[in-house]
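The values are calculated or read from the model by the stated rules, or taken from the named source; none is laboratory data. Quantities reported herein were computed from a predicted structural model and do not represent experimental measurements. Here the Cβ positions follow ideal geometry from the backbone for every residue, glycine too, while neighbour counts run over all protein chains shown. Ligands, DNA and RNA are stripped out before the accessible areas are found, and what is left, the full protein with its side chains, is counted by its heavy atoms. Shrake-Rupley method; radii C 1.70, N 1.55, O 1.52, S 1.80 Å.
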Amino acid sequence: MRPAGRVHENTPMIHVRDLCYTYPPTPPATLSVLALDGLNLDVAPGACLAITGPNSSGRTTLCLALAGLAPRLTAGTVSGTILVDGHDVQSVPPGSLADRIGLVLQDPAGQLFTQSVVDEVAWGLENLGLSPAEMPARIDWALGLAGLSGVPLDQPPQTLSGGQQKRLALAAALALEPHVLILDEPSAGLAPAARTEMVAVLRALRESHRLTIVFTESDPEIVTALADEVLVLTAGHGTGAGNPAEVYASAVEQAGLRLPPAARFAAEVRAAGGPELHALTVEQAVEAASSYPIVVRPSPVQAAVSPSRPAAREAVKIDDVHFAYHPDYPVLRGLTLAIPQGQFATLTGDNGAGKTTLARHLVGLLRPQKGIIRLMGEETRRMSTGEMARRVGLAFQNPENQIFSPTVREEVAFGPRNLGLSGTALDDTVRAALAAFGLHDFAEHPPAALTFSTRRLVALAGIAAMDTPVIVLDEPTVGLDAHGQEAVLNWLEQRHAAGATILLITHDMELAASHAERMIVLLDGQIAADGTPGEVFGHRDMLRQAGLEAPFACRFAEMLAEPALIADLTPRGTAQAWLQAIAWKR
Amino acid sequence: MSAVTAGFYQPGNSWLYRLDPRTRLLAAVVVVSVCLLLPRISLLAGTILLAHLILLAGGIRWRVLLETWIRLAPLLLLILLLQPLFSPPGGIEYARFGPLRITQWGLLNGLRYALRLAAVAFVMLVPVLTTPINHLVRAFEKLGLPYTWGLTIGLALRYLGAIGDLYSGIAQAQQARGWDPSGGHGPIQRAQMLVPTLVAVIIATLRLSEALALGLSARGMTLDRPRTHREDIRFGWIDGVALGAVLALAVLIVWLMG
C-alpha cells in the first residue's frame, strides 16, 4: 500500500472543524434536524478512531460527509471544514477521492451488485483505469487482506455469509489502495465468530499497512479491541473523547452506551466495595483479578437460571421438519424441538444456520416440506397465516420488511385490528404499546422518515400490540443503544412474567446468558445443543463449530482456571462470586 | 441468501453462455421484432416453444421457467379476460353484456396479445438469464451506448427481481400480523391494502437505490479516467454464424408469412 502521500507526519490525515449537518424537516415535523452540530475532529495518519454513541447520534452522516458523499448524494446541507488526506472533500465532485478514501457501508447488500466475487473487486479497479494485466494480483492481494483468500472467485456474492459479504465489501474498498478507510458498523448483524474475524482482519490491516481507519460501532467489545481513540457522539455533539479506557470509565451508560462486559464486571466489583479493578477486555480483567488469590474455592454452581416450568403444555412443537429453498441446499434438516408454554428460550447459531427460516415456519410464511408443527397443541397444516398470527407474533430481523403504514399509530394498530380489536380497546392497546417503547412523540410521524433504530422499535411495538401467547423476535436488539435494548428487554420480561412464551433469536451471547432459561443452538439446520445457557456454554467445541463464543463470565472463569466462578453468567454474578472466592472484606 | 437477490442471472457455462453477449442480445431483439411485426398465433406459440428449448438446452433449470410462467400468469390472465371484452366485434358472437360482446375475434385477439407478451418475455430471458451484469453493460457499451447508460440498464435489470422480493417481504409481514388475503376481504379492502404496500415498496426501493448510489460512488464510478476491463467480451466466428442464422430465419419468416 502507498505511504500516506504528501501529508506530513504532524498533519492530521483527517481534519474537521465546526462541522454542522442539517437534514430538511419531514412532515409532520416543521423544523430541520441538526444531525451534526459544530463537530471538531483530528485523526493522525495510521490512527484508528471509533465513533460510538446512542441511536440517532449522527454517526452514519459523519461517515458519509467524511467520504465526501453527503450531502451531494443524500439530503441535507453542510457547513464547516472537512480535510481528508489534504483534500477538501466537499469541494471536489462526490466519489472523486475514491482512490484515497475507502468506504464500507453498514449493509453490504447495497454495495455488492455484480455476480461474482472477482467482478465485485475488479469493478473499482476498472474505474481506476488499472491495466487488466495488473488486476489479478491486486484482486488476490485485496481478498487476502480481507481474509477471503479461500473463497472461489466465481462465487456469487449473494451466496456468501453475512460476515463474508462485509469482508468482500471491505476487499472491494481496499483494492483501490485508499489512505483512509471508513467503516459504518462493521460488526452489525454478524455472528460472534464472524465479528472476531472482522476484528482480526482490521487489526492486521493496521499493523501491516498503517492505514488510517475511522469506524462507527455500537459493540463496546469491538471498540476496545480496535480503536486507539474513541469519539462519543450524542445528538450530533461530541460528548466524550479519549482512549477506550478513558471513555468507558466515564458515565457513558447515561449517554445510552453499552459498557464492555469486562468493564461492567470491574464496575460491579468496585460498586460492591471490592478492589479498584479496571478492565475493558476479559484478558485485562483476568490480569487484574490474578493479583488476588482465591482463598475460598467456590463449590460448583449449577446454572442459577431456573429450568422451564415443569409439566407445562407445549406452546410450540416441531417434529422432524425439513425445508429447502433450493433442492440442493437444505436449510432445515429433520428439526425436532418442543418449547413449553411460558418458557423464555433463545435460538442462536451462525449466519445461515436456519434460524430465520424456522421463525418463518412458526407464523406460516413457510410451510414444512416434511414434518409437523403444532402451536398450542394444534397442528398448523390447516391453519391460515391469520389463525397462526393469533398465536405467534413475529418481529422480523429487518424492520424495513415489516413497516408500511402512513403513521406510527396506524402501523402499531395494524396487527390488533386484524385480530378483531376496535374502538377504545384498540386505542388503549396501541397507546400501551407506544408507551412501552417510548414512541408516544412519534405517533403521528411516518415510520419511513424515522431512523433505523426507531423503526425497529415501531416494528416491535406492532408485535407487542398483538398480545400473542407466543412471541418470536429475530435479532430485536441489533442497532439499538442501551436505552433501546432496555426498553425491549423490559417488555420481554413483562410478557414472560405474564406467561407468554418467548423465542429470542440472537447472536448476542451476553443477552442469551443473562435472560434466557433455555438456549438452543442451530448448526446446518439441525440442533447442535439444547439446554440451560450454562450447559450450552460448556460445549466449547460445538460453540466454535457454530460460530459462537462463550460470554464474559465463562471466559473469565476459564482463564482463571476456576470454572466454579460461573454464577448466573452475568458480569454482576461473576463479580459477586469472585469477591466471595477471594474472601474480600471492605 | 440476502434480502437483495442475485437478480435474474443464472450462473452457467454452457454453449449458450459462451456466445458473445451481443449475439444473444441482438438475436433476441431480432426475434422480438418479428413477433411484434407478425403477431400470428402459430408464430408466437412456436417462438415461445423455441425460447424454452434454447434455454433448457443452454442449461437453465425448468424450475426457473416455471417460476417465470407463475409470475406472468396474473398479467396473462388479465389480458385473456379483458381483451375479448374491448376488441372490435367480428366472427361468432358468444355472449353479450350490454355494450360489451364476447366474440370469436375478441377471444383470438386476447390469446394473441397474451402470447405476444409471453413470447417477448421468454425471448428476452435468453440474454437476461445468461449474461452477468458486467458483460451486459460491456455489450451495451460496445453497441455504442455510453457506459453510464449501459450500467443503468444493467442495474435496472439486476434489481428488478429485488423489487419483487421487497414486495413479497412486506406482504409476508402483513400476513404475519394477521392479514389474511384469502380471508373474505372484499376487492375494495384488498385494493386499500395495496396502496400502502406499494408506497412501502417504493420507499424501500428508494432506500436501496440511495445505498447503491453511495456504494458505487465510493468505489470510483465518477472518477474521471478512462475505464479498463478485466475481461473483455469477444465476437467470434461462431457468434457470426449464430447471429447470421437467426437473421436468415427472421427474413425467411417475414417473407413467407408477411
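Structural remarks
- Residue in the stretch A:397-413 that is in contact with a strand residue (DSSP E or B) (Cβ under 6 Å, 6 or more places away or on another chain) and either at pLDDT below 95 or buried (at least 19 other Cβ atoms within 10 Å of the Cβ) (or both) present: yes
- The set of residues from the stretch A:459-475 being within 9 Å of residue A:395 (Cα to Cα) and outside any loop (DSSP other than H, G, I, E, B) comprises A:459, A:460, A:462, A:463, A:471, A:472, A:473, A:474.
- Across the stretch A:482-497, not a single residue is classified as open to solvent by less than 40 Å² (accessible area, probe 1.4 Å), in a loop (DSSP other than H, G, I, E, B) and either in contact with a His (Cβ under 8 Å, 6 or more places away or on another chain) or at pLDDT below 95 (or both).
- Residue within the stretch A:171-180 that is part of a helix (DSSP H, G or I), surrounded by fewer than 23 Cβ atoms within 10 Å (Cβ to Cβ) and not small (Gly, Ala, Ser) present: no
- Residue A:122 vs. criteria open to solvent by less than 20 Å² (accessible area, probe 1.4 Å) and small (Gly, Ala, Ser): yes
- Selection from the stretch A:375-396 of residues that are crowded, with 20+ Cβ neighbours inside 10 Å, away from chain B (no Cβ under 11 Å) and among the aliphatic types (A, V, I, L, M): A:375
- Qualifying residue in the stretch B:189-208 (condition: in contact with a His (Cβ under 6 Å, 6 or more places away or on another chain) and more than 7 Å from chain A (Cβ to nearest Cβ)): no
- Residues (crowded, with 18+ Cβ neighbours inside 10 Å and in a helix (DSSP H, G or I)) located in the stretch B:215-237: B:215, B:216, B:217, B:218
- Some residue of the stretch A:84-95 being open to solvent by 50 Å² or more (accessible area, probe 1.4 Å), modelled with pLDDT under 90 and at the interface with another protein chain (Cβ under 8 Å from one of its Cβ atoms): yes
- Any hit, the stretch A:131-151, residues being touching a strand residue (DSSP E or B) at 6+ places or on another chain (Cβ under 6 Å), within 22 Å of residue A:101 (Cβ to Cβ) and buried (at least 20 other Cβ atoms within 10 Å of the Cβ): no
- Pairing each residue of the stretch A:101-116 that is more than 7 Å from chain B (Cβ to nearest Cβ) with any residue that is in a strand (DSSP E or B) and buried (at least 24 other Cβ atoms within 10 Å of the Cβ), provided the two are 6+ apart or on different chains, yields C-beta distances under 6 Å for A:101/A:84; A:104/A:183.
- Considering the stretch B:216-258, and only residues there that are within 14 Å of another protein chain (Cβ to nearest Cβ) and among the hydrophobic types (A, V, I, L, M, F, W, C), the residue that is nearest to the chain's Cα centre (by Cα) turns out to be B:233.
- Criterion (within 14 Å of chain A (Cβ to nearest Cβ) and over 28 Å from residue B:252 (Cα atoms)) met by exactly one of B:102, B:133, B:79: B:133
- For the stretch B:168-181, the criterion of being at the interface with chain A (Cβ under 7 Å from one of its Cβ atoms) and surrounded by fewer than 19 Cβ atoms within 10 Å (Cβ to Cβ) is satisfied by at least one residue.
- Matching residues, the stretch A:351-365, being open to solvent by 30 Å² or more (accessible area, probe 1.4 Å) and either hydrophobic (A, V, I, L, M, F, W, C) or in contact with a helix residue (DSSP H, G or I) (Cβ under 7 Å, 6 or more places away or on another chain) (or both): A:351
- Of the residues A:163, A:189, the single one that is open to solvent by 20 Å² or more (accessible area, probe 1.4 Å), within 23 Å of the chain's Cα centre (by Cα) and within 14 Å of chain B (Cβ to nearest Cβ) is A:189.
Listed here are the residues, each with its yes/no results for (1) modelled with pLDDT under 90; (2) surrounded by fewer than 20 Cβ atoms within 10 Å (Cβ to Cβ); (3) not in a loop (DSSP other than H, G, I, E, B).
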site: A:194; (1), (2), (3): yes, no, yes
site: A:198; (1), (2), (3): yes, no, yes
site: A:206; (1), (2), (3): yes, yes, yes
site: A:214; (1), (2), (3): no, no, yes
site: A:230; (1), (2), (3): no, no, yes
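- Any hit, the stretch B:86-98, residues being surrounded by 14 or more Cβ atoms within 10 Å (Cβ to Cβ) and part of a helix (DSSP H, G or I): no
- Screening the candidates B:240, B:150 for the property of being at pLDDT 80 or above, surrounded by 13 or more Cβ atoms within 10 Å (Cβ to Cβ) and more than 20 Å from residue A:402 (Cβ to Cβ) yields one hit, B:150.
- Residues satisfying the stated conditions in the stretch B:141-183, i.e. more than 20 Å from residue A:109 (Cβ to Cβ), touching a Leu at 6+ places or on another chain (Cβ under 8 Å) and touching a residue at least 40 places away in the same chain (Cβ under 8 Å): B:143
- Pick from the stretch B:105-147, criterion over 25 Å from residue B:52 (Cβ atoms) and under 19 Å from the mean Cα position of the chain (by Cα), ranking: surrounded by the fewest Cβ atoms within 10 Å (Cβ to Cβ): B:140
- Residues of the stretch B:200-214 that are open to solvent by less than 70 Å² (accessible area, probe 1.4 Å) and among the β-branched types (Val, Ile, Thr): B:201, B:203, B:205.
- Every residue from the stretch A:197-228 that is under 20 Å from residue A:547 (Cβ atoms) and acidic (Asp, Glu): A:197, A:217, A:219, A:221
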